[in-house]
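Notes follow the structure.
Just so it is clear, none of the values below were taken in a lab; they were calculated from the coordinates. None of the values given here were measured: they were computed from a predicted structure. Note that we place each Cβ from the backbone using ideal geometry, even for glycine, and neighbour counts take in every protein chain shown.
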Amino acid sequence: MSRSSTGDRGQTEPLAALVAVSVVALGLALYGGYLSDVLPGNSDRHVKGATQDRVWNEIQTNGVFDGSTRIENRLVGTSGDATDLPEGYNVYVAVTRIGADGKVEVVDQHYFESDSSPAGDAPPDGVPDVANNATRPVPVRESPGDVEGGQLTVSVWT
């Protein structure tokens, strides 16, 4: 049976342990940073969802979209630009509903250029295929007491 000193057993130098933990932490941070740059679509996915939430908060009144009020008037501030839209992105906003004939009707729509300035009802060349689209059901009021189901679509692209 061998005797050993229990005071020296299983210990390492504190400096070596700190260096080892620092190297592992640095490796994890670099790996996480690399993945966030390499994986496609992370930032755009967050932009479209956040933009849709901000747009809905601006264009709704008591949780209902009023069809008699223009989207442009709700989103454009005193500066003449839509301040709640993301910088550097083109944004198209549309509220639609199903009409009496069963076809989709546009209640209101508006297009904003990448500098957040209003640029008309729709993009000149239409919404591109590369746009990130977010949709959600919304109630639409056409006249007092007449609330129907509709859909808010927000398209975001660079």
| query | For ASP115, ASP101, what ranking results if the residue with the fewest other Cβ atoms within 10 Å of its Cβ goes first? | reply | ASP101, ASP115
| request: Quote to one decimal, in nm, the extra length available between ASN133 and GLU105 on full extension: 0.36 nm per residue of separation minus the C-alpha distance between them. | output: 8.3 nm
| message | Test of understanding: what is the full-extension gain from GLU13 to ASP121, defined as 0.36 nm times their sequence separation minus their Cα-Cα distance? | response | 32.0 nm
| remark: Per residue, the convex hull enclosing the Cα atoms of the stretch 42-157 spans a volume in Å³ of 106
